[in-house]
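Comments concern the structure below.
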Amino acid sequence: MSTERRPFTLDLSRPLSTADGTIEQRRGVLVGVERSADGGSVRGVGEATPLPGWTESYDACRGVLEDPPEAWEHVDDTVGAEPPSTPAARHGYRLAVLDAAARASRRSLAALLAERGGFSTPSESVAVNATVGDADAEETVAAAREAVDAGFDCLKLKLGARSLDPDLDRVRAVADAVDATIRVDANGAWDRESAAAAVDALAAIGIEYVEQPVPPEEVSALAALRGRGVDIAADESIRAYGVDAVLDAGAADVAVLKPMALGGPGAAIDAARRLVDAGVDPVVTTTIDGAVARAAAVHAAAAVPGDRACGLATGKMLASDLGTDPVPVVDGAITVPDGPGNVGGAFDDLLWD
Ligand SMILES: O=C(O)CCC(=O)c1ccccc1C(=O)O
Ligand SMILES: [Mg+2]
């Protein structure tokens, strides 16, 4: 198998402000693999876009991609219970391998992933939430209105960058202003006491779920916050400790799956299988990825059963992208590309001439 690599940098036109800092730029590496198949050859394209804090550094990612582990070439390769140490590099390489396998069998990546997870036929469209970053109440309401006018019926508000009372005022202002499902993400900002107060207030407002109210290591605190009238979602805890640790602790109603942070689309699907079996709802999101990884996350979301909106409406935050958006949001939903592979050969010319 031959491999190609191409580094890229994407600026955000709308930086995302969170309790964990502001995301302003995404740097990554496109990965191409080419292998022989049926007397010809088949290509696959992947994207490694590390986000330090969630994945390895850019330099570590590039280093691993110079000489990837041989095991990553095998279509059925899995990650163990421990999260992989260089998930973004693994994502980039594994996506290329899975894309090539899907293209070789003339089916969509979603179909390949659904089969891998033992799920039925993938959905043709995925509902998505608008992601609303931290800002004052007035700006937050304006962003929420803009999203609802554009057709979103689920909004995710970033909380935890300011203190609890002003944050709750922001949530109430949005709930009063728009008719939409509202979920919030504190990115681990609260201690146990503030989180309990927040959860009770959010339950009274009628919020769908609160994502990562406490720091990632506070898995037992997540468990203790369940059953108070608002669902609890684990995100950073899943990334840091894996799905099994969160399931064993009974820590979540909902689990956020970021393929880039978990080590690839296959790793996300394997995690989704265990969650679904345990009655926990998976929600697939990006880490604000380029078009190739974003499309792959859409395929993963389509392969996983469930009705919760996914966090995949992140393309519009980018000032420039790897190419034309293969997964645009229309009326709060994304149509799943029907293949072959992830996005057919749409990005091949970035790697091969
Ligand atoms: O879920 C979404 O709406 C978009 C993805 C998102 O919020 C995010 C993006 C980059 C890093 C972390 C997160 C997060 O969910 O915490
Ligand atoms: Mg989150």
Query raised in the report: On the given criteria, is residue 292 more than 16 Å from ligand 2 (Cβ to nearest atom), in contact (Cβ under 8 Å) with a residue 40 or more places away in the chain, within 18 Å of residue 120 (Cα to Cα) and buried (at least 24 other Cβ atoms within 10 Å of the Cβ)?
Result: no
Query raised in the report: Which members of the range 295-306 meet the condition of being crowded, with 23+ Cβ neighbours inside 10 Å and either within 25 Å of residue 10 (Cα to Cα) or free of Cβ contacts under 8 Å to residues at least 40 places away in the same chain (or both)?
Result: 295, 296, 297, 298, 299, 300, 301
Query raised in the report: Name the residues in the range 325-344 that are open to solvent by less than 20 Å² (accessible area, probe 1.4 Å) and more than 17 Å from residue 108 (Cβ to Cβ), would you?
Result: 332
Query - Number of positions in the range 1-19 that are of a type in the set (A, V, I, L, M, F, W, C), in a strand (DSSP E or B) and farther than 30 Å from residue 191 by Cα - result: 3
Requested in this report: Considering only the range 23-50, state which residues are touching a residue at least 12 places away in the same chain (Cβ under 8 Å) and either more than 19 Å from residue 296 (Cα to Cα) or not assigned by TED's automatic domain parsing to the domain that holds residue 92 (or both).
Outcome: 23, 24, 25, 35, 37, 38
Query raised in the report: Looking at 253, 307, which is the one that is more than 29 Å from residue 68 (Cα to Cα) and at pLDDT below 95?
Result: 307
Report task. Could you tell me whether residue 255 is closer than 24 Å to residue 56 by Cβ, small (Gly, Ala, Ser), within 14 Å of ligand 2 (Cβ to nearest atom) and free of Cβ contacts under 8 Å to residues at least 24 places away in the same chain? Result -> no
Report summary line: Scanning the range 197-218 residue by residue, those open to solvent by 10 Å² or more (accessible area, probe 1.4 Å) and under 13 Å from residue 237 (Cα atoms) turn out to be 215, 216, 217, 218
Report summary line: By my count, helices (runs of 4 or more DSSP H) wholly in the range 180-250 with at least 3 residues that are more than 16 Å from ligand 1 (Cβ to nearest atom) are 192-205, 219-225, 243-248
Query raised in the report: Is there a residue being assigned to a loop (DSSP other than H, G, I, E, B), under 18 Å from the mean Cα position of the chain (by Cα) and at pLDDT below 95 anywhere in the range 20-41?
Result: yes
Report task. Please determine, by comparing only the residues of the range 210-239 that are within 17 Å of residue 182 (Cα to Cα) and not charged (D, E, K, R), which one is farthest from ligand 2 (Cβ to nearest atom). Result -> 229
**Report entry** From 271, 267, residue being under 25 Å from residue 31 (Cα atoms) and within 16 Å of ligand 1 (Cβ to nearest atom)
**Finding:** 271
Query raised in the report: Residue check: is residue 312 modelled with pLDDT of 95 or more and open to solvent by 10 Å² or more (accessible area, probe 1.4 Å)?
Result: no
Query - Boolean, residue 122 is in a loop (DSSP other than H, G, I, E, B), surrounded by 21 or more Cβ atoms within 10 Å (Cβ to Cβ) and not hydrophobic (A, V, I, L, M, F, W, C) - result: yes
**Report entry** Residues (of a type in the set (S, T, N, Q) and within 16 Å of ligand 1 (Cβ to nearest atom)) located in the range 106-134
**Finding:** 129, 131
Query - Qualifying residue in the range 62-73 (condition: outside any strand (DSSP E or B) and within 15 Å of ligand 1 (Cβ to nearest atom)) - result: no
Report task. Please list, ordered by first then second residue, the pairs with beta carbon atoms under 8 Å, 6 or more apart or interchain, first in the range 217-243 and in the same structural domain as residue 198 (by TED's automatic domain parsing), second of a type in the set (Asp, Glu) and away from ligand 2 (no atom under 16 Å from the Cβ). Result -> 228/200; 229/200; 242/82
Report summary line: Of the conditions (1) open to solvent by 20 Å² or more (accessible area, probe 1.4 Å); (2) among the aliphatic types (A, V, I, L, M); (3) assigned to a helix (DSSP H, G or I); (4) not assigned by TED's automatic domain parsing to the domain that holds residue 286, the single one that residue 143 does not satisfy is (4)
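The values are calculated or read from the model by the stated rules, or taken from the named source; none is laboratory data. Since we're looking at a predicted model, the values are computed, not measured. Cβ: placed from backbone, ideal geometry, glycine included. Neighbour counts: every protein chain shown. Only protein heavy atoms, including side chains, enter the accessible area calculation; ligands, DNA and RNA are left aside. Shrake-Rupley method; radii C 1.70, N 1.55, O 1.52, S 1.80 Å.
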